[in-house]
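Written below as structure tokens is the structure these notes are about.
The values are calculated or read from the model by the stated rules, or taken from the named source; none is laboratory data. These figures come from a predicted structure and were not determined experimentally. Glycine also receives a Cβ, built like all others from the backbone with ideal geometry; neighbour counts cover every protein chain displayed.
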Amino acid sequence: MLAILCIGSRMRALNNLAHEASHQLLFRNRHLNDWAGILCSAILLTRFARYRAEHLRHHALLGTQADPDLSLYSELGISDLPQRIRPLALLRAFPRRYTIHALGSTKGKAGAMERSWSSATILATGLGALALGGTDGLQAVSMYWIAPLLTSYPAIRFVAETGEHGALYQRASPSEALAHRAIAMTRNIHVHPLLAFLLYPHGDAHHMLHHRFPGIPGPCLPELQVLLQQRGWHVGIPAANWSSPLLGREGLLHQLVGHPAAPSRNPP
């Protein structure tokens, strides 16, 4: 179980690398950047070209009916979370929905094609493992790739993305300026480094800053937050002073359950 959890966490890290590649931030060479994104995505049974197109639309159309992530969050039950929720209600909600992340969330023909592609990839990998390693190879692929891909990885994504946008889509109108929506509809998550390693690798905890400055690589966002705070723009939570071993004073559960962070009043 520990191995499945750890592998699921590193799959989340691969997902974040594919995310960086979708913004052309991994390598200056576009071809190298794209091939890295394709490789990271393929391990997660995702087609990089489609992921990049949908993610860039998410940035440009944040919070509107054309935002592809809004549909996904609606299916996952994230977009309509109340401002203050009960943790047990959240835990009861995601087991019914979290496999959407692993098997493809798009409905209709596009969703069917995505699931068919994923199933074919799993079948081809399984047959290859069986041919090369026999039953031991098939067991290894099942235990150390398929199992975390269908369990711990989507569960980690669910929790992480709930922190990024959960309960915030109602805080701004789709007709407002994108810069305002980027601040009002996203949050920075301030957690202990151990939990950041599990849920928000590669600087992804600074999600509000990412939406406001999508051309800056994720690992540089903590430094950017410090620079902005020095200039009087206090984005989310200070980048220090933990109040618990795992969750920060304004960590994920604290924000969702009791005190959602308010948007900044003085964006740059």
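Scanning the stretch 173-194 for residues that are of a type in the set (A, V, I, L, M) and surrounded by 19 or more Cβ atoms within 10 Å (Cβ to Cβ) turns up A182, I183, A184, M185, I189, V191. When A160 is tested against (1) within 25 Å of Q24 (Cα to Cα); (2) without any contact (Cβ under 8 Å) to a residue 24 or more places away in the chain, only condition (2) is not met. Among the residues making up the stretch 197-210, those that are of a type outside the set (G, A, S) and either surrounded by fewer than 18 Cβ atoms within 10 Å (Cβ to Cβ) or within 13 Å of the chain's Cα centre (by Cα) (or both) are F197, L198, L199, Y200, P201, H202, D204, H206, H207, M208, H210. Scanning the stretch 49-61 for residues that are within 15 Å of the chain's Cα centre (by Cα), hydrophobic (A, V, I, L, M, F, W, C) and surrounded by 16 or more Cβ atoms within 10 Å (Cβ to Cβ) yields no hits at all.
Inspect the stretch 237-250 for any residue being among the charged types (D, E, K, R) and either part of a helix (DSSP H, G or I) or modelled with pLDDT under 80 (or both) and give the result as yes or no. Looking through the stretch 237-250, at least one residue is among the charged types (D, E, K, R) and either part of a helix (DSSP H, G or I) or modelled with pLDDT under 80 (or both).
Each residue in the stretch 15-39 was checked for being farther than 19 Å from G215 by Cβ and surrounded by fewer than 19 Cβ atoms within 10 Å (Cβ to Cβ), and 4 of them qualify.
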